[in-house]
Amino acid sequence: MLFEWQRPIIYDERSGNAPPSHNDYPYGDEPYGGGVIGIGFGQDHDQHVSPYAGQETRQIKSLSVERVADLLAGRGAGYAKAAELNGVPGPAHVQEMKNAIALTADQERRVRVVHARMEKEAKELGAQLVALETELNEGFASAGVTSDILRSQLDRIARIESDLRFAHLAAHLEIPEIVTADQIQTYNRLRGYSTTPCASVPQGHDAEQWKRHNNCPG
């Protein structure tokens, strides 16, 4: 015997009744388990496939293998975008580009010191973050997590994430004290970053108005 809520709902396009869209349930809570039978038209099963499909095989569900490797190696992994994309370079790439931006021996030494300090701190914090994400993952896998435990875990993860971002961004802050403005300009140009508003017109803007507004030549 089926309870009323267990019965599949049959929609007939001739009646004017349309089945609920998958987008009507943004959190994946489709009623009746998402089971909808259509008459007179087909419903593509693939639309229900999660963008996370395949990630359930990860050892730590919330972290890719590449992300774990970046964290354990102390790499930036996007933490310093606020600095990098605003023209404030970081020590790792400055070292890599030492010849291209003509670092002096003293500049290179000072940049290495900044990078070594940042990398050491980032590795330690990265290892802590991986451990915390592992703990969070295991709690859900074993059904042993409670709301109180979850809040505590997420608070600790947030603190580590904040400390990691600070470590990377603070290192960027030190570089303009070591290299010259011309070296930074060369760095940004070689990295492919636009250094002036005149270099490119943002999508959706009128080119002539944009140039006049920013006092661009020509």
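Computed from the coordinates by the stated procedures, all read-outs in this text should not be read as laboratory data. Note that this is a predicted model, so its numbers are computed, not measured. Glycine also receives a Cβ, built like all others from the backbone with ideal geometry; neighbour counts cover every protein chain displayed.
In what sequence do GLU135, GLU208 fall when counting other Cβ within 10 Å, fewest first?
In order of increasing Cβ crowding within 10 Å: GLU208, GLU135.
Could you give me D for region 132-193, from Stokes-Einstein at 4 °C and 1.567 mPa s, where the hydrodynamic radius is the Kirkwood radius over C-alpha pairs? Units µm² s⁻¹, please.
On the way: Rh = 14.8 Å.
D = 87 µm²/s.
By how many nm would the segment from ALA100 to TYR52 grow when fully extended, if each residue of separation counts as 0.36 nm and the alpha-carbon distance is taken off? Write out the running numbers ahead of the final one.
Details: separation 48, 0.36 × 48 = 17.28 nm, distance 4.07 nm.
This chain segment gains 13.2 nm when fully extended.
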